[in-house]
Every structure is written in structure tokens, then in C-alpha cells.
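The structure appears below as C-alpha cells.
The values are calculated or read from the model by the stated rules, or taken from the named source; none is laboratory data. Since the structure is predicted, the reported quantities are computational estimates derived from the model, not experimental observations. Cβ coordinates were reconstructed from backbone atoms using ideal geometry, including for glycine residues, and neighbour counts include every protein chain displayed. The area values use the complete protein model at the heavy-atom level, side chains included, leaving out ligands, DNA and RNA. Shrake-Rupley method; radii C 1.70, N 1.55, O 1.52, S 1.80 Å.
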Amino acid sequence: MSTSSEPRLAWRSISVQLVVTLVWCVLMGRMVQVQWVQREKFASRATRQQQHAEVIPSRPGDLYDRRGRLLATTVAVQSLYIDPARVVDSFRTACVLANALGLDPTEVQQRIIDHREKRFMWIKRRLSEAEVSQILAANLPAPEWSFRAEYQRVYPQGALAAHVLGWRDIDGTPHGGVEEFFHTRLRGQPGRRTVVRDARSFVINVLEGETTPAQPGENIQLTLDTVCQLHVERRMDELMQTHQPVGACATVLDPATGEVLAMVSRPAFDPSHPEAAPPDSWRNLSIQAAYEPGSTIKPVIVAWGLDQEKLHTSDTLNCERGAYRMGPRVLHDHHRYGVLSLKDVLVKSSNIGMAKIGETLTNPGLHDLMTRFNFGQRTGIELPGELPGTLHPLEKWTIYSTGSIPMGQEMLATPLQILAAHAALANGGRWITPHLYLGSVGHASIAPNVMSTDLVRPETTRWVVEEAMVDVVQRGTGTKARLADYSLFGKTGTSQKMDPDGQYSHTRHISSFVCGAPVKNPRVVVIVTVDEPTRGGSDYGGMVAAPAAADIVNDLLKYMQVPSDHPTQTVEAAPQKAARR
Amino acid sequence: MFFRFCAALSLVVLIAAAGIAVEKQLLDMKRTQTLQVYRLEQLEEKYARLKLRTQELGAPSRLMESLEQAEAERAARRRATVVPLNNRR
């Protein structure tokens, strides 16, 4: 018995040892596989499960006016989201959230049910501080919901300069204005942070070594002056009420530097409430509406003709008693003028006189002039969507062009292009890029991208501005712009709009007035353009736009503490001003 | 032999304890750093909100109307205090 059981025991013992050894070998093999062969795979899987990279949003830079007033800034706000897959009691959660945020509980519950498979769903963005407190007090289960910090753009000056600033949507994407143009500089550099989470998704560590802090955006200072802008906006609102046009715009430039002091377009919108904006309010008419400039182009043509010595200040032109055949068409003036001096052609705004100047300058000369004054090209102002206007190539010009171009037809220009040309006349003949960028605040400043070109001799522009354009205001078509305290030069313009059949309309006009002051040393040049005035008795530029432009000049020069240079006009012009107010 | 074993064990325990202390200090510093970053963010946000509030309160659009109204009232008062010549005694 004992002899037969011993080998069996030995066999069993060997078997057990073999099995144990085998199991150990398998375990060892698996350990080698996990720890060595597949180490990288499992390590990366563990890292993926534990570590989460988060983007740290960068705070967009602020916008300031030329005197350091804040135009746009950014504040952090909380937005609430939930994880629908983790919501246990959708009815209770919906009721709590709806109660705290003033939402419809049925709608919230339906959204939670509809997005059960999702891990992220916004409930409400940009919460107020009271709403945040109410959510915190509601004590919802932690894994179901969370806040996310977002940046919200705020405009402390309200709707002021909305077309210049632009606006940002709920995701911070800029739309229009300098917000869009300078977006790459304003947005900053987002940072990155890696956090380690436990099995319940709570953050247990922040890997500081792998954290890159966000770089805030650049603070940009604009050439705008908030007070100037406010004066212009108030006057344009008054104009909109009086004349009820389709639209209107005004721009103010410092002619010596090309800096834009104010830019207003109507109808306007509030960048804090873009959802309430009327559909036709988005366009900045100063740069995004091209129209035939009409008579406002005439001083530029005359200045060029004088500078090229094709015209002389002592020239006279026969205005043919109001009708002049030019090729196949007959040109007309508003009045039957006979022989007019060159100055009076501008003062009376004679189309026939200008057509004859066109014949003297010829088509190539006119085209050269237009090209040099940058018509048909964008001015280069730091705003998106600027129109270049229309200037046909010389090959397409005909005998019509010889008469049409000098009276501001057969071409399209934006109000800013007209103003830039007149600023060149006001500063002694130098065309300077109109610009909005003044510099950076708290950063290494990049110089504004400004071009300047000498186009006309100063003595020529002096005659055009101080003689002809002053007389336009004193005794010509712009008498409504006379000021009590300042000498003013200007030019009116009334252009016909096109009817749908391609013919010039006799009822729909664009009225404009471009002016500057003081005459000897212009500190501001202003253009006011009114699209289709419907009330107020007249739609001539001298009646609609000129008073508004003169008021703007008067208000701005007083604000800038420019001393009066025109005391002799006080008695004559003061009643006009008083009557307006 | 026993003394050597105890000495080696103590050394190991001491090194482990020192490591734990250093680790705790490191965690503490990390926590402080995170707290400082959080405080800096809070202060930046507070600065932004205060700047916004001051600019809103001092906005020309808000002040100009009240200034003009006050000026008009002053002018009206001045006119009212000027006694017409025929009423003077």
C-alpha cells in the first residue's frame, strides 16, 4: 500500500509544482508584456484618462480714444453648462435650473432628454452675478453641471462710434470695425493648462510645468476723440430727424495728419445689443457707400488744372447762358450764367464751366488727376470692407467723360475718398492716408501705416481754399454754413441717384457738403453726406448737409479751444445758429 | 548584527521621511502658486470692472447732457436776476 502511494504522491507533488511554476510563468510573462512590451500603450492610455489639456482663453485688448478714454474692454463672465449623460433626475434638474435662470422648465427638460447621449450642453451663457449665486445656492449634484468662464466685450461709451469699433458676437468673433481689422493684435495668445483628474472627474493636480499662461491682447489707441464723436453723432441724429433720409454719414479729419477724429454713420446699431439692430444699419456709409460725388469734386479738378498750368486764376469761362452742346448731349446749369471767372465757376458750381475745364484738361489729364488723388482705390484706412469706388480705365472714357468727370459724374467715390482729397487741399497739397490707429498702450507701439504724397503746390491750394472755397460759403451755394466765430471754406454737392431703369432720378438725390476751418490754418475738415433726404423742404447739399457740417465744425473748434478768427461775422450769422437750436 | 540592521532600517526610514517632507513642501508650494495665479486673475478682473465702471460714470455721453442742462439753467437764472431798466428804482 505504502509502496504504491509514494510514487503517486511524488507525481502529485511534481504536478502541483509544475502548475504553480506555469502559473507564475504566465503571470511573469503577462507582467513583462504589460510593463515592458506594451508599456507605452498603457502609459499613454492612463495619461489620456487622467490628464486633460485645457485652453486658457486670452483676454482681448482694450480700445482707447486719443485722450485715453476707454472705448471697448473685456470682463469675465460665467456660463452654465451641464453634462446630460450624468443627469439622474432630469425633471428636478430642469426645474432647479429654470427657476434660477428664469427659463421654461419643460423646455429645459426636453433639451436634456433630447441630448442624453451628449456630454456637454449650454444652459445659459453670460450669467449675471445674481444668477450665478442662485445656481450655487441650488446645490445641484456636482458631476451634472459646471461653470465655464468666458470673456464678454463691453462698450462703456454705449453705442458711440459703433461703426468704427465694430462688435463681437457671443463667441468673441469680431464683426466689422477695428475689432475685426485689428483682431490678430487684439485677441492675444491663448494659454494651455494640463490638469490631472480622479475617477470622478475632480481636478486633483495642475501640472504647472506644462502650463503656458495666456498672453493678453494688445491695447490699441485710436485717433478718435470721444467728445468730437459725440458732437457729430448728436448733430447727425438731429439731421436724421429733420430730413428723414435713407441714411447719412459724417467724417472729421485732421488735415495736417490724416487722423480721423470722428466717423458717424446713420442708421446705427448698439454693439452691446446687435440683435436689435435694423438690417440696414450695419454699413458704415463713410467707407462702404460709393456714390457720384457731384460738385464736391470740382475744387480738386480746378486745383489740379491750376497746378498743371492749364488754368489760371484770372481765366474766364463762357457758361453759354445755361445750355452747352458737348458732343451728342446738351449740358445745363441751374441758372443761366454768362461769362464767369474761374473762381465764380466754383462759387456758382457751374457744370458748363467745369465741362469746359474738362475740355482743357482732356481725358488723359483728368484720369491722371483722379488716379493721383487715389479715386478708384481704397484709402487704406484701418477698417474692413472699404470700397475702392469706381474709376473706369482711360480706354473706356468717351466725350461724355470729358464733361461728366469734372462735375463728379461717371465715377463713384466714398465720402472718405472725397474728404481725403479735400484734406490734401486744406494742408497745402499733400494727400495723407486717413487713419484710425494712433498707437499701442502698454506694448511696443507699431507706427501707423500712413502714406503721404505731395500732389499740388501750396500756393495753388491756398488760392482754391482761401479764395474760391471761402467764397462758396460767403456768397455761393454754401451760405447756410457761415459761422459767427470762424472762417469756413467749403463746397456743396448734390448728385442724382440712379433709377432702376439706369436713368438719373429727378427726385432722389445725395446731398453733401465738405468744409474745413479755420481758413488760414485748418484744424478740421468735415464731410456730411445725406442719402435721399425726404423732409425739410430742399434736398440741395447747401440746404441739407451744409448747416450740419458747419455746426459740427463750430462745436469741434470750440471744444478744441481754437481761437475765433472771424469776429466780423458775429452779427450776421449769430441769429442762424440761435434759430437752429 | 542587530545594531547594523536597525541602523540600516533607520536610515531607510529617515530617507523616506525626508522624501515625504520634501514632497509635502513641494505640493504646498504648488498650491500656493495656484492660489497666487487665481488671486492675480481675480485682481485683474476686479481692475477691469472698476476701470469699466469709472469710464461708464465719466462717459462724455452721460456728462454732456447734464452739463448743458446746468449751463442752460444758469443762463436762465442770470436772465431772471437782471432787472429790467423800467423796474429799477
(message) Condition first: within 14 Å of another protein chain (Cβ to nearest Cβ) and touching a Ser or Thr at 6+ places or on another chain (Cβ under 6 Å). Can you find one or more residues in the range A:68-78 that meet it?
(response) yes
(request) Out of A:A72, A:A53, report the one residue that is in contact with a helix residue (DSSP H, G or I) (Cβ under 8 Å, 6 or more places away or on another chain) and in contact (Cβ under 8 Å) with a residue 12 or more places away in the chain. (result) A:A72
(message) Within the range B:63-84, does at least one residue satisfy the condition of being more than 10 Å from every other protein chain (Cβ to nearest Cβ), modelled with pLDDT of 95 or more, open to solvent by 100 Å² or more (accessible area, probe 1.4 Å) and under 40 Å from the mean Cα position of the chain (by Cα)?
(response) no
(request) Considering each residue of the range B:1-57, count those that are more than 30 Å from A:Y155 (Cβ to Cβ) and more than 9 Å from every other protein chain (Cβ to nearest Cβ), and give that number. (result) 32
(message) Consider the range A:259-304. How many of its residues are out of contact with any Gly (no Cβ under 6 Å at 6 or more places or on another chain), in a helix (DSSP H, G or I) and surrounded by fewer than 24 Cβ atoms within 10 Å (Cβ to Cβ)?
(response) 7
(message) Whether any residue in the range A:198-205 is more than 14 Å from chain B (Cβ to nearest Cβ) and either among the polar types (S, T, N, Q) or open to solvent by less than 80 Å² (accessible area, probe 1.4 Å) (or both) is what I want to check.
(response) yes
(message) Between A:G380, A:G439, which is surrounded by fewer than 18 Cβ atoms within 10 Å (Cβ to Cβ) and assigned to a strand (DSSP E or B)?
(response) A:G439
(message) For the range A:187-195, check the following and say yes or no: at least one residue is open to solvent by less than 60 Å² (accessible area, probe 1.4 Å), in contact with a strand residue (DSSP E or B) (Cβ under 6 Å, 6 or more places away or on another chain), under 30 Å from B:K30 (Cα atoms) and in a loop (DSSP other than H, G, I, E, B).
(response) yes
(request) Pick out the one residue from A:G408, A:G389, A:G380, A:G403 that is over 34 Å from the mean Cα position of the chain (by Cα) and of a type in the set (G, A, S). (result) A:G403
(message) Among the residues in the range A:469-485, are any touching a residue at least 40 places away in the same chain (Cβ under 8 Å) and closer than 22 Å to A:S265 by Cβ?
(response) yes
(message) Every residue in the range A:125-164 that is in a helix (DSSP H, G or I) and either more than 14 Å from every other protein chain (Cβ to nearest Cβ) or among the polar types (S, T, N, Q) (or both), please.
(response) A:A130, A:E131, A:S133, A:Q134, A:I135, A:L136, A:A137, A:A142, A:P143, A:E144, A:H163, A:V164
(message) Could you go through the range A:492-505 and let me know if any residue there is open to solvent by less than 20 Å² (accessible area, probe 1.4 Å), out of contact with any His (no Cβ under 6 Å at 6 or more places or on another chain) and β-branched (V, I, T).
(response) yes
(message) Can you find a residue that is touching a His at 6+ places or on another chain (Cβ under 7 Å) and over 30 Å from B:Q55 (Cβ atoms) anywhere in the range A:100-107?
(response) no
(message) For the range A:481-540, give me each residue that is of a type in the set (F, W, Y) and under 26 Å from the mean Cα position of the chain (by Cα).
(response) A:F513
(message) I'm checking my understanding of the structure. Among residues of the range A:129-147 that are open to solvent by 50 Å² or more (accessible area, probe 1.4 Å) and among the polar types (S, T, N, Q), which one is modelled with the lowest pLDDT?
(response) A:N139
(request) Keeping to the range A:212-243, report how many residues are polar (S, T, N, Q), within 13 Å of chain B (Cβ to nearest Cβ) and open to solvent by less than 40 Å² (accessible area, probe 1.4 Å). (result) 3
